[in-house]
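Working notes, beginning with the structure itself.
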Amino acid sequence: MKYNFNEIEAKWQKYWAENQTFKVENPALGEAEGNSNKPKYYVLDMFPYPSGAGLHVGHPLGYIASDIYARYKRHQGFNVLHPQGYDSFGLPAEQYAIQTGQHPAITTAENIKTYRRQLDQIGFSFDWSREVRTSDPSYYKWTQWIFIQLFNSWYNKNTDKAEDISELIKTFSSEGNRHVNAVCDDNIESFSAEDWNAFDSIKQQQILLQYRLTYLAETEVNWCPALGTVLANDEIVNGVSERGGHPVVRKKMTQWSMRISAYAERLLQGLDTIDWTDSLKESQRNWIGKSVGASVTFPILSFPAGEEKAGTKRPGYMTGGNNSHLLLSHAKEMRANPTLAEAALWEQLRNKNLDAKFRQQHLIGDFIVDFVCLDKKLIVEVDGKIHETQVEEDAKRTEILENDFYKVIRFKNEEVLGNIEGVLEKIKKELSQRESIKSNSELSESHLSEQIPPSGVRGIEVFTTRPDTIFGVSFMTLAPEHDLVTQITTLEQKAEVDAYILATAKRSERDRMADVKTISGAFTGAYAEHPFTKAPIPIWIGDYVLAGYGTGAVMSVPCGDERDYAFAKHFNIPIPNIFDGVDISKEAFADKANTKMANSDFLNGMNYKKATKRVIYELEQMGQGEGKTNYRLRDAVFSRQRYWGEPFPVYYMNGMPQMIEAEHLPIKLPEVEKYLPTETGEPPLGNAKKWYWLQYGNKGEIVSKEEFENSSPSGRLGGALELNTMPGWAGSSWYFNRYMDANNNSEFASKEALNYWQDVDLYIGGSEHATGHLLYSRFWQKFLFDKGVVPVDEFAKKLINQGMILGTSAIVYRLEYEPNLNNLDNLNDDSQAESEKFSLMVKPIFISKSQYERLNVLGVYELKKYLNENYEKEIRKGLNDFMNKENSHFSIDEIYHVNKFTEIHADVSFVNASDELDTEAFKNWRPDFKGAQFIREEGETFKVKREVEKMSKRWFNVVNPDNICEQYGADSLRLYEMFLGPLEQYKPWNTAGITGVHSFLKKLWKLYHQGENRNFYVTSTPPSEGLGEALKTLHKTIKKVQEDIENFSFNTSVSTFMIAVNELTAQKCTNKEILEPLLILISPYAPHIAEELWNQLGHSESISTVAFPIFDASHLVESSKNYPISFNGKMRFIMELPLDMSKDAIEAAVMSHEKTQEQLQGRKPKKVIVVPGKIVNIVG
RNA sequence: GCUCAAGUGGCGGAAUUGGUAGACGCGCUGGAUUCAAAAUCCAGUUCUUUCGGGAGUGUGGGUUCGAUUCCCACCUUGAGUACCA
């Protein structure tokens, strides 16, 4: 009986499918199976995107590893969940649809069919009854559901978790937002409960949107014009799109965003609780980018330093020592406790009775004014009794404010209370006389305003990780895009600054990235004040400061920061040294650990840690700074202008997004005629005429877009439809939970299932998802955990990144030669065309690797000479064919010249294990190779050059698993993929090597089939004397294989099997006691052959259900040891000695050995080291 | 630049609580079998050598009786990230 792997594999694959061998039950549902007593184990692969190209041998690597582990865990008595599915929304199907009109669902279904066939033939033990497809409405129903949950949640920093938005609304209406500590948009205005309750519904919705975990915002996004969509940061590589390499530009768009930044700290902390690779954790840490430091506010000096000295600085204005935080909270307090008159006037002003927007108790500079219309710069003060005692101060205050172009009008309490109509009339009159500053550009460009910072600006806030170096600040740098730049720049510097801003804006992101070394910047002419020394600090702008990080401004400490140092050197800015005993004449000193402060006032002598703490304390006392932690992690844009993705369960009323209630889900993707954006620039969904959306309360009805949008709000939904779809990572961010209860129609997954399976025990997939899928999934898991949907807040305990399998390309060298057209008088004048014709007609000449290496060192002249001497016949034949002549009268070197060699990738299937090219197959490969000639060294075969490259159609090095399974079988494929090397490593595929594992399987087969006819022959005599060696082999193997699987060292267990089979063959072992457990060891790796032999051994149950053999150390006990005897650490010979021999006896035995004497050559050893059971070392 | 990973025969790779470097396989060489080829089997295969031996795990140092393994410095390759204050 021969090892007929094709037959065996087909037989068992059919058996497993028919018997649902790998179907796993949730205990609550399958108590009868007895699974409830078994511990659970969840082994997961990253599900594939089913591309049109199908699988190549690199794809199943991780699946094979996880399958081995899953099968092993079943042998160990675990209830193993090992599912598979498809990440089936994605760009390629859509692009194919755009080109061909084929619906992506059809393409996707076809691709999935191919994938399934390919996966099945490798013999995976997946439970296909739990398959998920992200593009299936029954699945994306729940993706939409999660989106709604996110919309209805906000992040409470006090409880450090996501909470329901209804809680927030309750708080707003009972106490406003003053005490709400949430992760939300910047610049949220503060409001009271009364304010909130007075807001109209739209205003309330706008405010809530600033708190929701998924929110709509005008964001600057990465727009890819070629793909017609936005891309996430991790979808961009080197400034171009990851898919297709198209350029990407920044663009402002209204998009859905996910407030992942709320989870930055928990995502970081969570890394310590999971067993993922260090490099992957490191990537995520970098991506989150936590930095701890301080935020510091530098007041802006109103006049340049020189004028300040002249004594023109105004009193009370923007000097250091004031506390904006205190003033702000004071203003809030005053707002909350208005006087009667103030309240009465505010009631009138807020209702826009005067057609102008007023603010109450607003901070202007250092002053809190009662009411202000910022647009018209009109201040209205209501004075009580107290003002009678401070007329002078008030006058000064008015003067200062009026210098800032404010107009101040004052009313007495009595006036307001007695004649409010008259007061309003006066205000109205003033308003009408003042021009709106928005429409008056002259004003803001006037000389004076250039010198005087506008009101409301108190200082520049910076973020620094080195607050300890604050005494080293010698300038400040703002990003060119910083809001303050135009406001603070002096007239003299305006031209220079404007020119610089323009130049920076022109440079693309890529240019800026490529050109890091060039230092550029401009001085604004303005100065800030140092918080401690009160010295004026020049304010510069420079493009090394990024608008998008921190506050877009830095305090520059040239002595302690490389970039600040370079900038200071370049512009001749002083570089004060604040480090004790450090020379900064050549470079900045950025070594935190060895910092000792000097020239730093109260910090002198302190180290980094102490100084930092002290500075932050001092700044907090002054109200000019505080300890702060910054994260690089940005909120994730969640809208895509694509067709083939999840539709949002969203419509708009009055411009505000509304969720469609969960009971109406799924919102199915509508049909479109064209998959391109509409003529008006809407996303492809704008083309949809009919929607599988609903009539209110009447689920599932098809409604036309017009019908939907024009319907009356009472009967139908009414409002505009959301036309964007969700990004690719939406569906993949929670699929691992769905597998736990994949066919549940009423829930995301049942509580019982979620509680039983908890999380993924082992997750295997590529490291390319480090900052995409793996971060987003952790984010959603934490969110779902907060909401009580899932029981754990990390979804995968252990994660392994499988390395990539690379291709081994085969390269031949093509000799390029051309006619010497000047000499070929019978040719046409059009030499260009002739040359092209020639190169088409001429027979190509290919050169072998060794010949190429030989020829390539010769010069062109030598090469030509060599070719003429050795290959004149071949070349002349090519030329003659071209010229249609028998014999040209020219000598060979008069009519052609050699150009160069070009590398041609040959299909790897034409090359054998010895790198020899099948020249016939190669000639038939492409029509222009038909008459190819091959040059090789005499007596040599034609060998190709090998090169390891990524597997790609382009390089003709793609190997299809279908062919491998047909030729060698799935078991060979599985073993070989594991045998190639460590799972995590990148390694080249070379089909030639598979013969090794294939012949191993044949040898294994032979162990069970003896004699001439190879009949099944296994003896079942009880273990006898002769079984000792075989038992030793078996138990050695059990031990090693078990260790290897648990350490994911699958490559070494394959060689262990080889050793075992080689040994057992040599021992002529035919005993069932040995051969039966051996099969169980091998079955996770080569399940088909194991199942077949197991069956032949007389078992009726599948081998996958039996228990793993137990290692028994007693079989490995030895009585003697081959001691390596080394001299000065070098092993010289081996001596067999009993293991129970004492140290002294060993030494004596070794010393008396003749080889020892030989080595020593009469010298006396200085020392003899004896480690019993290990080694003897003699030091001479 | 920074972070992480890794450097061992012709090739993939094995060996770490420090103890026989090169397991296992490919390829290669020789032999058996065969009309022949494939397949199969046997022997050899780190380099060097005067056949005694000697050298050897990216380079240079160190610790140790003993280092592929630990420490320091450097070089190279791959991956990620990039003016992150």
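What the table shows:
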item: When residues of the range A:629-686 are limited to those that are surrounded by fewer than 15 Cβ atoms within 10 Å (Cβ to Cβ) and among the polar types (S, T, N, Q), the one modelled with the highest pLDDT; result: A:Thr629
item: Within the range A:1099-1122, tally of residues that are exposed (fewer than 15 other Cβ atoms within 10 Å of the Cβ) and either in contact with a strand residue (DSSP E or B) (Cβ under 8 Å, 6 or more places away or on another chain) or in a strand (DSSP E or B) (or both); result: 3
item: Which numbered condition A:Gly320 fails, given (1) open to solvent by less than 70 Å² (accessible area, probe 1.4 Å); (2) at pLDDT 70 or above; (3) on the phi < 0 side of the Ramachandran plot; (4) more than 17 Å from the chain's Cα centre (by Cα); result: (2)
item: Residue in the range A:964-972 that is in contact with a Leu (Cβ under 8 Å, 6 or more places away or on another chain), within 12 Å of RNA strand B (Cβ to nearest atom) and touching a residue at least 24 places away in the same chain (Cβ under 8 Å) present; result: yes
item: Subset of the range A:394-411 (residues that are surrounded by fewer than 17 Cβ atoms within 10 Å (Cβ to Cβ) and in contact with a helix residue (DSSP H, G or I) (Cβ under 9 Å, 6 or more places away or on another chain)); result: A:Asp394, A:Asn403, A:Ile409, A:Arg410
item: Positions within the range A:532-549 being touching a strand residue (DSSP E or B) at 6+ places or on another chain (Cβ under 6 Å), open to solvent by less than 40 Å² (accessible area, probe 1.4 Å) and more than 7 Å from RNA strand B (Cβ to nearest atom), in sequence order; result: A:Ile537, A:Pro538, A:Ile539, A:Trp540, A:Ile541, A:Gly542
item: Scan of the range A:463-510 for residues that are small (Gly, Ala, Ser), modelled with pLDDT of 85 or more and open to solvent by 30 Å² or more (accessible area, probe 1.4 Å), ordered by number; result: A:Ala495, A:Ala499
item: Members of the range A:75-100 that are touching a residue at least 40 places away in the same chain (Cβ under 8 Å) and surrounded by fewer than 18 Cβ atoms within 10 Å (Cβ to Cβ); result: A:Gln76, A:Gly77, A:Ile98
item: Subset of the range A:1054-1070 (residues that are aliphatic (A, V, I, L, M), open to solvent by less than 50 Å² (accessible area, probe 1.4 Å) and within 8 Å of RNA strand B (Cβ to nearest atom)); result: A:Val1054, A:Met1058
item: Evaluation of A:Leu975 against (1) within 14 Å of RNA strand B (Cβ to nearest atom); (2) at positive phi (one fails), failing number; result: (2)
item: Matching option when the condition is open to solvent by 50 Å² or more (accessible area, probe 1.4 Å), away from RNA strand B (no atom under 11 Å from the Cβ) and aliphatic (A, V, I, L, M), among A:Ala598, A:Ala611, A:Ala522, A:Ala593; result: A:Ala593
item: Residue check for A:Asp543: within 39 Å of the chain's Cα centre (by Cα), assigned to a loop (DSSP other than H, G, I, E, B) and among the acidic types (Asp, Glu); result: yes
item: The range A:555-577, subset open to solvent by 40 Å² or more (accessible area, probe 1.4 Å) and either modelled with pLDDT of 90 or more or farther than 25 Å from A:Ile288 by Cα (or both), residue nearest to RNA strand B (Cβ to nearest atom); result: A:His570
item: Top-ranked residue in the range A:935-957 [being within 18 Å of A:Arg854 (Cβ to Cβ) and at pLDDT 85 or above; ranked as nearest to the chain's Cα centre (by Cα)]; result: A:Arg946
item: Any hit, the range A:218-236, residues being closer than 23 Å to A:Gln658 by Cβ, hydroxyl-bearing (Ser, Thr, Tyr) and at pLDDT 90 or above; result: no
item: Pick from the range A:742-776, criterion more than 19 Å from A:Leu268 (Cα to Cα) and β-branched (Val, Ile, Thr), ranking: surrounded by the fewest Cβ atoms within 10 Å (Cβ to Cβ); result: A:Val760
item: Test: residue in the range A:1123-1135 that is within 8 Å of RNA strand B (Cβ to nearest atom), outside any strand (DSSP E or B) and either under 30 Å from A:Lys1039 (Cβ atoms) or open to solvent by less than 90 Å² (accessible area, probe 1.4 Å) (or both); result: yes
item: Residue satisfying all of: in the range A:1151-1169; farther than 13 Å from A:Asn1128 by Cα and of a type outside the set (D, E, K, R); farthest from RNA strand B (Cβ to nearest atom) among these; result: A:Ser1152
item: Residue within the range A:265-283 that is within 30 Å of A:Gly228 (Cβ to Cβ), within 15 Å of the chain's Cα centre (by Cα) and either within 13 Å of RNA strand B (Cβ to nearest atom) or surrounded by fewer than 18 Cβ atoms within 10 Å (Cβ to Cβ) (or both) present; result: yes
item: A:Phe567 more than 32 Å from the chain's Cα centre (by Cα) and assigned to a loop (DSSP other than H, G, I, E, B); result: no
item: Any chance A:Tyr617 is within 16 Å of RNA strand B (Cβ to nearest atom), hydroxyl-bearing (Ser, Thr, Tyr), free of Cβ contacts under 8 Å to residues at least 40 places away in the same chain and part of a helix (DSSP H, G or I); result: no
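Conditions tested, residue by residue: (1) within 13 Å of RNA strand B (Cβ to nearest atom); (2) among the hydrophobic types (A, V, I, L, M, F, W, C); (3) within 38 Å of the chain's Cα centre (by Cα).
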| site | (1), (2), (3) |
| --- | --- |
| A:Lys987 | yes, no, yes |
| A:Ala992 | yes, yes, yes |
| A:Thr1019 | no, no, no |
| A:Lys1039 | yes, no, no |
| A:Gln1042 | no, no, yes |
| A:Asn1047 | yes, no, yes |
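The values are calculated or read from the model by the stated rules, or taken from the named source; none is laboratory data. Since we're looking at a predicted model, the values are computed, not measured. Positions of Cβ are backbone-derived with ideal geometry, glycine not excepted, and every protein chain shown enters the neighbour counts. The accessibility values were calculated without ligands, DNA or RNA, using every heavy atom of the protein model including side chains. Shrake-Rupley method; radii C 1.70, N 1.55, O 1.52, S 1.80 Å.
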